[in-house]
Structure formats: C-alpha cells, structure tokens
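Here is the structure we will look at, set down as structure tokens.
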C-alpha cells in the first residue's frame, strides 16, 4: 500500500486549464460599450462556480446577489433592491472565510459605487443606457477612427498605395503611425479570442515601406473658400488639421517656433525609432496640399514674435496645437547641478542635430515612461560609458511599452528599479558626481490598481554618475494664451471635446497642450476633429472620403495561428548608431498576418451598423 | 464573370453577386428570413447558410459574394441541421400563438417553420415581454420580434428617421425605440414602413375593427365610410380575387354588404383638397416667388409629422389645407349631416386608408370642426378592411358591382391619382392652369411628374410664369430635399411629399407582400382609373361644384377656411 502518489492532471483538468486561458483572452477582447451590470452578473456567476460551498455567505449569498442583479436587469427591481444588494454584499465581505467570497462581494460593491448611475437607469427606465456605437473594436479604439480592416485587406492584396490613401482619410501621418504608434487598436482585437491580436502596426509599416507616403499623391482639394486658418504648432496635431483644412478648400498657415516641422515626432522621438527621412515623407505629402509654413516663429508677446490677438484678427479661425514641450522637475536637492539635463532638452538637441556630449559618460535616466526609454537608448547611442534607469516602482509598473523597456535593457541599460531619486551629489565644481536613491518596497495597491512604492527600511544607495537625465513628465507653455483669455485647467488649455474653446469663438485647441503628454495618434485625432469643426464654424459642410475599393472578404476557416512580430537589428549592433532598428515584414509574413484579420467590418455587428465610416 | 458550382450545377454570374442571387439564377431558392434585398443583408438569422466545400464554417448566402471556383451546397446534411436548429432557436423566443396573429398565413417565420416541418422544439420556451402603449397607432409585440433588424434598417436607410435601434447589450439585446425613448416621445412619423417590412406579427397597426362592429351595432349611429384612393388598388390582393374582378364597384358592394349606411369616396374629398390647395397655391405664389421657399403639400400626415419634428421652422410653408380624410370628415359632419337632417354626433365617420399615420391624424385635437368630437371617428387600414370583410364572411367574387353614394361619392380622375406619388401635384396643376388660363389643359399635360425616382423636378409655364415643381416620396428623400431647401441649393415653388416610397399605394397600411415593393404594381391601376374617368379635373366634379354652390361659397372662403384648413 503506497502512502503518497504523484498527481497528474487528467484530460478534464487540462481542458479546463485551457478554457481559463481562452476566457482570459475573451475578456481581453471584450467589445467596448457593454452593459456593466450584465457583465457584473456574469462575473458573479463565475465567482459562484468557484465557491467550495462550505460557508453560507459565499454559497448562498452570491447566489442571492445574482438573483438580485437579474431583477435589476429584468426590470423587477426598485430602490430597495439596491439596498438589499449592498447589504448582502457587505454581509459576504464581513463574514466570508476566504477571498472567493469576499472578493466576489467586493466586485459587486465596486460596481454599485462605480456605475451606480447605470443601476439607477435600469431601475427607472427598465432598460440599459449602453449601446455599441462603433461595431469594429480596432476602429472603435483608434482615436482617429482609421479604417483598419480596410487597409489590412489592402495590404493583404499588396495594394500598398491604396492602403496609404485609405489611412490618410483619417490620418495624414501613415508613416509616423506605422513606425511609432502605440496601437491602442490592437488592445481589444477580436482575434484575441482565437489566439492573439493582429499585428496592425506591423501591417501598416508594410504599407508605408512599400508605398512611401511622399510617392502617393494626396486627394483632390475642394474648391477654394478663401478662408484662412492659423495653426499654432507644426507637430502632428497642427499639421493634421492643416492637411484636412486644405483638402476642404481653406488655406492653412502653420506657425512653428522651432526651425523644423514635426513637433514631438522630430524633437521627442529618436531617429532609431522614427528616422527623420521617414518623417519627411509624411510632411512632404501634407505640405503638397498647399499648407503655408512659417518656422522659427513664436506666438507670444515678446519681440520677434507674432501675438495671438494678431492671429485672431488676421485669420478666420485659429487652431492651437502647441504640444507639451516644457520639462518637469523632480524637486530634489542638487537638481541644478551641472550635468542634470531634462529629457526635453536632450531630445530637442538631438532633433536639431546638436546632440549633447555623452561620450564615455556615466548616465542615469530618471523615469519609467516611453520618454525615459528614448533618453536611455539615445544616451547609449551617444557613446555613454554606462546608462542606468532609476525608477521608483518595479519594471512591470513602468508606463513605457514593455518592448521599449526590454529593448533598452538588451542594449545594455542597467535598470535600478524600486529606487526613488533622493538627491543629486555634486563635486566641488558643481558638476554631478552621483545620484542618491532611496530604496523602496512595493506596497499597497492604489485606487487605479497600481502598486505604490513605499520607503524601505534600508540605507540610501549612491549611484556614481556624470549625467542625470530627468524624464518624469512634460508640461506646456501656456502663459501667453492664458493672458490672451484662453481658459487654463490644471496647467493645460481648456478646450471642449469638439476642440472649440468656450466663449472664444473661432479659437480651437487640441493635442498634448489640452490633454497633457499623450500619443501621436491622439494629437492626429484632435487635429482631425478640429478641422471638421473649424469647417462647420466657418459655415461649410465639406466632407472627407476615399474612393479606394476595399477587397471583399474571403471564406477561409479562421484556424489558430501565431502573431507575426517585427524583427529588430541585433542589440549589439544597433546600440552603436541612430539608424532604424525595426525591419519590415516579408511579403510572406504580411500575407499571413493580414489573413488573420477577422474582418469585423463585414462579419458580426459591422454588417448591421456599417463596418466603416466612409465619409466624415 | 465568376464561375462556381452550386448543388453540383455550374453557375456563372457577374463579380460581386451574392451567393443567394447566384443560386436563384439557376432556380435554387435558398430559404431566408431576415434578408430584405438591398435593405437588410446582415446574415443575422443564419437560415440562408450554405456549405462551402473544404470549409468547416457555413456561409450566409444573403450577404456574401461569390468567389471563383467555389463549390457550394445548399442542402448538405450540415446545412439542413443548422438551418433547422436556428429556426428552432428563433421559435424558442417567439410567441407562437399563430391562430391569434394578424400575420398568420402571411408570416415568414411561420412559413419557414412549416416548410421545414417543425412541429416541436427541444428548447425551453422563453418569450420576452416589453411594455407598449396599446392606444398608439401601431403596436410592437416584443414576444413576436425575431430581432431581424429590418425595422431598424428601413427607418435608417429608407426613411432616415432612426426611430428603431438595437437596445441593451449582450444576452439582453433587443430591438426597441432608439435613444431609450418610448414611441410616444420619439419623432416617429407613423409612416408604418417598419410594419410593412416586418417578417412576423411583431409590428402591426392598432386593431380598430372592433370599433366598427360597435358602431354598426349602435342603432343611433349612422355609419358613413370613405375609402382612400390607394385602397382600391390593393384591397383585393389577399381576397382571392382575380384581377378583372378587383374593381372599385365590387369593393363598394363588399362595404355595402358589411352594412355601412353610406359608402362615400375619399376621392371626392381629394378633389375638394385640390380646389382649396390649388387656389391657396395661387394666392401664395407671389410670396413663394419672393421668398424662394416653396409651398409644401399637407395631405400626407406622416410627412406633416416629419416636418413638424425635423424641420419645425418650415411648418408655415405647409399648405394649410387639411388632408382629404379630414376634409371628408369635416364635410360629412356638417354639410352632409345637415342634408340628412341629423346632428353631427349621430354620424360615425369611418375611413379606410392605406396608412397608419391617418389613425394619428384623425385623433389630433384640431380635427374637430363641430365640437362633437373627432371629425373622423374610426380609421381602418387596408389590412383591417380585409380582416373586416373576412370576419363578415364576405366573398367579393360572389358580389356584383355597386356605386358610391351621393353626395360625397363622385370623383374625378384627378382625385384618383392622389394615391400615387406625384398625383397631388398633377391634380393641382390641372386645376391651377384651368383657373389661371380660363380653360382646361389636356389632362395628360403634367404626366412628367409621374415616375418611380425618389425625387422628380419639372418646371411648367402657366400663363408664362414658370412653376418649378418637385415631387418626392420616402422620408429619406424628403430629408435630402429639406437639407437642399434649407441650404438654398434648390429653389422650387410647389413641392409634393409623400412619406411612403411610391406614395400611398406603397403605404404603411397596405397589404404586406414580403420582399416585394408593391407600389409600382399598384400605381398603374390608379392611372388607369384616371384615364377611364369621364371627369378628369377636380373643379369639374359635379358634387364638388354643388358643395361650393350650396354650402362653401368658393375656394378659400371663410367657411372653407373654417372647415377645410388648419
């Protein structure tokens, strides 16, 4: 008789394990716009299936909570039902033995608080206020609403120029987004339900690599209206607005304070991620519409500047898209030492072909966002002896894209995680000698689900270095606009979601200067919205459309198939120069990846509500 | 051309053809339920599925185009199983009380279930319910809705009013009035196009037939019935009547058989409408020319509702003339009541209309000239008339011909064509020219305003003055027109709008023939009646002349204003 045995999962257990994974992916790909109470109920049923059945509050309480939620959904509830839900959930929280019970109840309580209005709506109206407005998940999540299934199908047929034309209907920066978009479109890609999201950005790169944007002519412009619009800022937002306004027949005049156009695309994003000549391709195409450009002209009240009031007088409308180009300070001792440099300053220098001298220096970058990674990887390329990243949380808490962090580490950066900057030590000449950091332990989860660092009970750590790059966020230079009567909210220009500025007719604002540092696609989207609403403001109803015919769907079975990721140059090679690091897909790869698209524009709800906005 | 094989038969069709049409081209009729050509091709019911050789997943044939070399089967074991199961699933949520359904015998779901021989289902029956105001001119029965989305699509794509939408999400998804409104709060025009395109009994008119029986049973009531022009072109479709017997006279005979006391004709009051509206137009012409904004017809209540909710700033541009239904009601309860020496409350005024919006129009508070209550008491749709005749076991083919009664029964050809898009315009022009030029034109002079296009523009010269006319049917076309008018992209003098595509012959109260737009079949019947009328001008209708001579004075007189205008 054996006393112990090795347990091996049986077929059923293995299947269930796989189903857990399937469900996880299903939830990731949850379509935007679902009824939160209906979802809450289905989560609750899952929780109930997990109960061991010993304790009353969990075994019976969760069941009764499900019934009560059904009552809400089936129009059988009143305000007393809500009270009873709360009471019952509290009872489970207070008395369930284990997390299966009390965490299930926590979810219900969080919902009662977080979407109470939806509970009330159901009770008062007997229906749900939610609906699915954009049926295609990738398009729904693209701020600019680019016709993603459309251009994927075109890339699949190797119609690259048509893909560029189609993208341009909603986004005049196809190259920029092909190379550096954060691709929110991929987050809820329905393909996740089968295996993983389609590599949307990779397919867009395939399009612009094979049909350079400056070789694809822009569409015909509408008849001239004689209206002139001043655009303050020649970044992605300003140029997007300028592009569409020109297509609509207006004349866009861009004022850019720096010597070259591109904004953050030039002065924020390093060449190895977005080569300058590729940026020029987008800009060249945009300018081919007739946009007038004045570089090295600042809008302000000082000498050699043009004032905002003057622009308002001289132009029929003004769009402010100045971005967020001022740096934020950490606020620690020694921050004014020689050798402390802001991320903005560093990347601007590189953008103007005047990079800082990091040769053989020891560099520490403070921060955990994408800008911090850009600084880190640029410092390596500038010949620094060593580059470290000091970050007060853990690697997985960084806001930078994981591939950026991994890329930096692969290129030789040292990650000092859980190290909060404490002070900067200077030598007798006032030059940086070291940064002192305060070790942290990761602590409680905050309201947003993020773990907070807490000071650890250990000594400060000294990291010797010659340069400290501060990359902890950016602000905007709003003073001149504030003085000119533009409202300011939390340091940002206060514009409405239609991009107009309240009580200041004819003035529109958007992009980073309104939202704070965000993504290029959001700036582009803001430019698109501004163009449409400026057109309306001027009394026109011009529309933007694209006559590219989208390939019809194919009927192949959608069998599970891995996602093709883009390859990069070897880390040991690429770290030595600023040349582009990412390769295109091969045609074979692109054909397979495009074939993974489920064509939600045709199958499912897209079919009923229209899979695309062919015109705006 | 794309070459493929369907059920072992070679098929060759143009690129872009759907599988369903490709199959139909060789006589293979794939069963379908939610599909409505050009309007609803969404593959929702999954009844029209076919199997493609070499593929696991079935394909919906209604909305997927053919591919070169594809090999398809419309009746493979898998297709048979899936088609049947999907119908069973739909039935599990459908209130299958067919014996008590207005669409029994004319229901797509009933037909497909019968065709597939489904006599029981293995699923739990869960029929949804939802509240609805049953006094509203039409009824939505959630228990019969199969969520095919046709109503959503008709209202979005054809009528451009967006009254219906998908409601709720996930498992509770259903179809309901959009923006979480109830129907009374919505901008619904009551055109009824959603009703005539519903594949089941989920949408139907309010049933007012019982009111008729009450009135007939009341010895105190004199029942006076009027029949709209377009009704005569459609009433016989589902009465088992050969074309040559489907006459106006037989329709009158059938109504006589029901037992109505007086059988009159809305064509008569259509002529009256023309008298008022043509004269009103001539009075307003100078101002119309000066403002550049046209006068719009007002006889279609769905269009009037549309105008009031969507373009309220243009309300004053509507003709003040009431619709023929309401002019009839006003005259019946005054002139006619006096003629037969009774008080208005003794008269029960009934109308038979191709329309659901007429039920709403009759109930408007301003439609009460006598102070005794509504001028029109009961409004039946053509479909309700058919049900009334069937309930009375009337078999029209066994009846002879009869004629409308006097003094509200005679009509000109101009009145007849009210039932088709362009008819009001044509009739009005016939009379307007006669008034200005002093002699009748050839009645066919204005036939250019006829046609099936959603919007037609014709300019005529009356006494040298150009009259720019525009004729529109379908509310989607009406919206485009109004946007053009508002943005001054067009300039007209007189505009006729009918809410239903093709005009009243395609009305929301007409018999339903699934998948077929019947307006173009019915319109020629009205034009034929016009041609065969001896009187072709409203102003030459002797009963109209007598009404003015004896009672109203002349068009646009004070009395006419009081009774016939709003």
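The values are calculated or read from the model by the stated rules, or taken from the named source; none is laboratory data. Keep in mind it's a predicted model, so treat the numbers as computed, not measured. Every residue, glycine as well, gets a Cβ built from its backbone with ideal geometry; the counts of neighbours run over all protein chains shown.
General remarks:
- Filtered residue count, the range A:452-469, keeping only those that are assigned to a strand (DSSP E or B) and either outside the structural domain of residue A:360 (by TED's automatic domain parsing) or loosely packed, with under 15 Cβ neighbours inside 10 Å (or both): 5
- Condition met for residue B:131 (more than 14 Å from chain A (Cβ to nearest Cβ), within 34 Å of the chain's Cα centre (by Cα) and under 30 Å from residue B:476 (Cα atoms)): no
- Subset of the range B:440-462 (residues that are assigned to a strand (DSSP E or B) and surrounded by 15 or more Cβ atoms within 10 Å (Cβ to Cβ)): B:455, B:456, B:457, B:458, B:460, B:462
- Among (1) away from every other protein chain (no Cβ under 14 Å); (2) in contact (Cβ under 8 Å) with a residue 60 or more places away in the chain - the single one residue A:135 does not satisfy: (1)
- Yes/no for residue A:379 being under 20 Å from residue A:273 (Cβ atoms), in the same structural domain as residue A:347 (by TED's automatic domain parsing) and without any contact (Cβ under 8 Å) to a residue 60 or more places away in the chain: no
- From B:98, B:145, residue being more than 14 Å from chain A (Cβ to nearest Cβ), within 30 Å of residue B:187 (Cβ to Cβ) and surrounded by 12 or more Cβ atoms within 10 Å (Cβ to Cβ): B:145
- The set of residues in the range A:600-616 that are within 14 Å of another protein chain (Cβ to nearest Cβ), surrounded by fewer than 22 Cβ atoms within 10 Å (Cβ to Cβ) and either under 25 Å from the mean Cα position of the chain (by Cα) or assigned to a loop (DSSP other than H, G, I, E, B) (or both) comprises A:602, A:603, A:604, A:606, A:610.
- Filter result for the condition that a residue is free of Cβ contacts under 8 Å to residues at least 24 places away in the same chain and more than 14 Å from every other protein chain (Cβ to nearest Cβ), over A:93, A:51: A:93
- Among residues of the range A:32-57, those that are surrounded by 15 or more Cβ atoms within 10 Å (Cβ to Cβ) and more than 39 Å from the chain's Cα centre (by Cα), counted: 2
- Of the residues B:162, B:197, the single one that is more than 9 Å from every other protein chain (Cβ to nearest Cβ), at pLDDT 95 or above, over 21 Å from residue B:47 (Cβ atoms) and in contact with a helix residue (DSSP H, G or I) (Cβ under 6 Å, 6 or more places away or on another chain) is B:162.
- Given (1) assigned to a loop (DSSP other than H, G, I, E, B); (2) surrounded by fewer than 16 Cβ atoms within 10 Å (Cβ to Cβ); (3) within 14 Å of another protein chain (Cβ to nearest Cβ), index of the condition residue A:27 fails: (1)
- Residue list for the range A:327-346, filter: at pLDDT below 90 and in contact with a helix residue (DSSP H, G or I) (Cβ under 7 Å, 6 or more places away or on another chain): A:327
- Residues within the range B:308-328 that are touching a strand residue (DSSP E or B) at 6+ places or on another chain (Cβ under 7 Å) and touching a residue at least 60 places away in the same chain (Cβ under 8 Å), tallied: 5
- Options B:121, B:139, B:112; residue that is part of a helix (DSSP H, G or I) and either surrounded by 14 or more Cβ atoms within 10 Å (Cβ to Cβ) or at pLDDT 95 or above (or both): B:112
- In the range A:542-567, the residues that are out of contact with any helix residue (DSSP H, G or I) (no Cβ under 7 Å at 6 or more places or on another chain) and farther than 20 Å from residue A:194 by Cα: A:543, A:545, A:547, A:549, A:552, A:567
- The range B:422-437 residues that are outside the structural domain of residue B:492 (by TED's automatic domain parsing), paired with ones that are outside any helix (DSSP H, G or I) and crowded, with 24+ Cβ neighbours inside 10 Å (beta carbon under 8 Å, 6 or more apart): none
- Residue count for the range B:17-34 under the criterion of being in a loop (DSSP other than H, G, I, E, B) and within 12 Å of chain A (Cβ to nearest Cβ): the result is 2.
- Pair list, Cβ under 8 Å, 6 or more apart: the range A:537-554 residue within 14 Å of chain B (Cβ to nearest Cβ) and at pLDDT below 90, other residue surrounded by 15 or more Cβ atoms within 10 Å (Cβ to Cβ) and assigned to a loop (DSSP other than H, G, I, E, B): A:553/A:599; A:553/A:602; A:553/A:603; A:553/B:64; A:554/B:67
- Hits in the range A:144-161 - residues which are surrounded by fewer than 21 Cβ atoms within 10 Å (Cβ to Cβ) and either closer than 17 Å to residue A:602 by Cβ or assigned by TED's automatic domain parsing to the domain that holds residue A:518 (or both): A:157
- Leading residue by the ranking (nearest to residue B:108 (Cα to Cα)) among those in the range B:46-91 that are part of a loop (DSSP other than H, G, I, E, B) and away from every other protein chain (no Cβ under 14 Å): B:47
- In the range A:35-45, of all residues being in contact (Cβ under 8 Å) with a residue 12 or more places away in the chain and assigned to a helix (DSSP H, G or I), the one that is nearest to the other protein chains (Cβ to nearest Cβ) corresponds to A:38.
- Enumeration of residues in the range B:419-439 that are farther than 20 Å from residue B:545 by Cβ and in a loop (DSSP other than H, G, I, E, B): B:420, B:421, B:422
- Considering residues of the range B:365-395 that are outside any loop (DSSP other than H, G, I, E, B) and more than 19 Å from residue B:264 (Cβ to Cβ) only, the residue farthest from the chain's Cα centre (by Cα): B:391
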